[in-house]
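Comments concern the structure below.
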Amino acid sequence: GAGVSQSPSNKVTEKGKDVELRCDPISGHTALYWYRQSLGQGLEFLIYFQGNSAPDKSGLPSDRFSAERTGGSVSTLTIQRTQQEDSAVYLCASSLGAGGSGELFFGEGSRLTVL
Amino acid sequence: AQSVTQPDIHITVSEGASLELRCNYSYGATPYLFWYVQSPGQGLQLLLKYFSGDTLVQGIKGFEAEFKRSQSSFNLRKPSVHWSDAAEYFCAVVPEGGFKTIFGAGTRLFVKA
């Protein structure tokens, strides 16, 4: 696609449920990031995929959070047993990665509300 | 510890006044440096970036930033602010020799008439 696509744009769930957020990066971009932005807060790094390398999971806040990237393209961020503090906007970004300009292209985000 | 610091949580300037947003980093001598803007209800957009060469870089919307190696700073400036510049501004760094982008906490800009 022309840009980074995220779905759903909005998700309301009950505490304790699992949620999946999807990111479709720009074609040809080898690097993919997930960030979390809570109300009035900055961008909290969650996880980083670069090509076929092992992902950098150093930002995942707990073992309830996991992410996959299949075929070097689409990524899914999964939050298990959601808690109210998980409510935030989850942003996905992609870039050309190694050897590229380093510029990140962001999706519109998935707004998660946990009741 | 390695960090990207934006010391001002929010700044208010009058329309037409000049603007400077501060950013300091501690990721080696020659990181890649970026400024992004997030307008209300919109995604993040790149304003400008610095890789090497001329330490004063020009970006979109009339913004510029100056890389000062001695101060580990990359401050964003605009000579005359417009009401449409009200947004949140993020400084970001790709550390020297690395690929992961690290963001500062952001500075929210308010513009008063």
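Quick notes on this structure:
- In region B:16-32, the residue that is modelled with the lowest pLDDT out of those that are in a loop (DSSP other than H, G, I, E, B) and surrounded by fewer than 19 Cβ atoms within 10 Å (Cβ to Cβ) is B:A29.
- Here region B:33-64 is the region considered, the condition is being in contact (Cβ under 8 Å) with a residue 24 or more places away in the chain, under 18 Å from B:G106 (Cα atoms) and touching a Ser or Thr at 6+ places or on another chain (Cβ under 9 Å), and the residue that is surrounded by the fewest Cβ atoms within 10 Å (Cβ to Cβ) is B:S39.
- A:A2 passes every criterion in (1) touching a strand residue (DSSP E or B) at 6+ places or on another chain (Cβ under 6 Å); (2) open to solvent by 40 Å² or more (accessible area, probe 1.4 Å) apart from (1).
- Contact map, region A:22-46: residues that are more than 11 Å from chain B (Cβ to nearest Cβ) paired with residues that are among the basic types (K, R), Cβ distance under 7 Å, separation 6+ or inter-chain. Pairs shown: A:L32/A:R69; A:L46/A:R36.
- Residues that are open to solvent by 80 Å² or more (accessible area, probe 1.4 Å) and closer than 23 Å to A:G42 by Cβ were ranked within region B:69-97; the one that is modelled with the lowest pLDDT is B:E96.
- Qualifying positions in region B:97-107 - under 19 Å from B:L48 (Cβ atoms) and either more than 7 Å from chain A (Cβ to nearest Cβ) or in contact with a Cys (Cβ under 7 Å, 6 or more places away or on another chain) (or both): B:G104, B:T107
- Residue check, A:G72 over 23 Å from B:Y50 (Cα atoms), surrounded by fewer than 19 Cβ atoms within 10 Å (Cβ to Cβ), more than 11 Å from chain B (Cβ to nearest Cβ) and at pLDDT 95 or above: no
- Among (1) within 14 Å of chain A (Cβ to nearest Cβ); (2) over 13 Å from the mean Cα position of the chain (by Cα), the one test that B:H82 misses: (1)
- Residue that is farthest from A:V12 (Cα to Cα), among those in region A:75-87 that are open to solvent by 10 Å² or more (accessible area, probe 1.4 Å) and either within 14 Å of another protein chain (Cβ to nearest Cβ) or not acidic (D, E) (or both): A:T76
The values are calculated or read from the model by the stated rules, or taken from the named source; none is laboratory data. No experiment lies behind these values; they were computed from the predicted model shown. All Cβ positions, even for glycine, are placed from backbone atoms using ideal geometry, and neighbour counts span all protein chains on display. All accessible areas refer to the heavy atoms of the entire protein, side chains included, with ligands and DNA or RNA removed. Shrake-Rupley method; radii C 1.70, N 1.55, O 1.52, S 1.80 Å.
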